[in-house]
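Down below is the structure, laid out as C-alpha cells.
Read the figures in this text as sums done on the coordinates, not as results from a lab. What you are looking at is a predicted structure, and each value in this text was computed from that prediction instead of being measured. Note that we place each Cβ from the backbone using ideal geometry, even for glycine, and neighbour counts take in every protein chain shown.
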Amino acid sequence: MLVPSFRFLVSICYVTVGAQNRSFQKQWLNEFTWIVYSNIYNGAFCKWCVVFAPQTVSRSAKPPGSLISGPHCNYKKAKEHYNNHQNCHYHKLCAAMSDNFVQIDADECRDVRNALNSSRQKAVEENRNRLSHIIRNIEFCGRQEIPLKGHRDAGAFSLNETDCNDGVFKAALRLRVEAADKQTSDLFSKAPRNASYLSWRVQNQIISFMGDAIQKQILCRDGLLVRESERCHVLSC
C-alpha cells in the first residue's frame, strides 16, 4: 500500500509546561511511523493501537491511556514516552495485526492467525536466547564455585554499573552482554518485566535442574542408574 506524500498543514497546539511552551514536532511522524497527529484533539495517537488494542493493556487490567483512548498532549519527554510505548508487548501485537490487515487488503495474506503466530514465535525465540545466556552465566559461577548473591541484588537488571554490589551473577551477566552484539544487548534492555528470567526464583530453579542433570550423569557414568522408585527405596533404608 502506497502512502501519499503530504505537507504538515495542521495548526499545532502549544502546551505550557512550567515556563516553556512545547508542541508536537513533525519529525516525530518520520521517526515513529505509527504516530498520527489529530488537529481536532490537538494531540498524538498510535494509529495501530487505536484500532487493534485490547480493552486492558496490562496484567493489572489497566485500561488504555494516552495515545490509545485519548490524545497524548504532554510533550515533555515525549520521545521517551513514545519509545516506551513502541516496546510494549500489546503495541507489537497491534503492529502485527495491522501489517496482516494491510496484507489481506492487498490480497497477500489470507489469515490473521499467521501474523499472530509469527509474532508469538519471535517472542518465544527471544525468550529462549535470553534464557540461554542466563543458564551459561549460572553454569560459569557454579564451575568456579562463586556465590551468585550480592549485598543488594534485588530489583531490575541494569546494563550499566551500579553503585552497590548487586552480586556476581548480575556483574558476570553484565560483562557477558557488554561483550556481545547489540541484538544480545536488546534481549535484556528491552525484555518484558514478566519474562526477564532474572529473579532468584528462576535462578534456584535452574540450579535445581542442573543438580538433577549432574546427578543423572554421575549415575550413568558409574552404571548405577536405577528406577526412581528403587532409588527412593534404597535411600529410605
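Give me the one-decimal nm value for the distance between modelled label points at residue 180 and residue 50, 7 Å along each residue's Cα-to-Cβ direction.
3.8 nm
For residue 171 and residue 131 in the same chain, what is the full-extension length gain: residue separation times 0.36 nm, less their Cα-Cα distance, in nm?
12.8 nm is the gain from fully extending residue 171 to residue 131.
Between residue 21 and residue 161, with labels modelled 7 Å along Cα→Cβ, what's the label distance in nm to one decimal, could you check?
Rounded to a tenth, the inter-label distance reads 4.5 nm.
Placing unit charges on C-beta atoms (Lys and Arg positive, Asp and Glu negative, everything else neutral), compute the dipole magnitude of the stretch 15-105 about its Cα centre in debye, rounded to 20.
In total the dipole reaches around 340 debye.
Pop out the ³J(HN,Hα) list for the stretch 191-207 in order, Karplus 6.51 cos²θ - 1.76 cosθ + 1.60 with θ = phi - 60°, rounded to Hz; leave Gly and Pro as x.
With the stated coefficients, the stretch 191-207 comes to 6, x, 5, 8, 9, 8, 6, 10, 6, 5, 5, 5, 4, 5, 5, 5, 4 Hz.
Pull up all non-local amide H partners of residue 22: gap of 5 or more, or a different chain, and H-to-H distance under 5 Å with H placed in the peptide plane.
Under 5 Å from the amide H of residue 22: 15, 16, 17.
Per residue of the stretch 25-41, what does 6.51 cos²θ - 1.76 cosθ + 1.60 with θ = phi - 60° give for ³J(HN,Hα)? Whole Hz please, x for Gly and Pro, Karplus curve as stated.
Values, residue by residue: 9, 5, 5, 5, 5, 7, 6, 10, 5, 8, 7, 10, 10, 9, 6, 6, 8 Hz.
Taking 0.36 nm per residue of separation and subtracting the Cα-Cα distance, what length does fully extending residue 31 through residue 92 add?
That pair, residue 31 and residue 92, stretches by 20.3 nm at full extension.
Taking the Cβ-Cβ separation of residue 39 and residue 189 as r and a Förster radius of 41 Å, what is the calculated FRET efficiency to the nearest 0.05?
0.70
Report the full-extension gain for the segment residue 214 to residue 124: residue separation times 0.36 nm, less the Cα-Cα distance, to one decimal in nm.
Gain on extension, residue 214 to residue 124, equals 29.7 nm.
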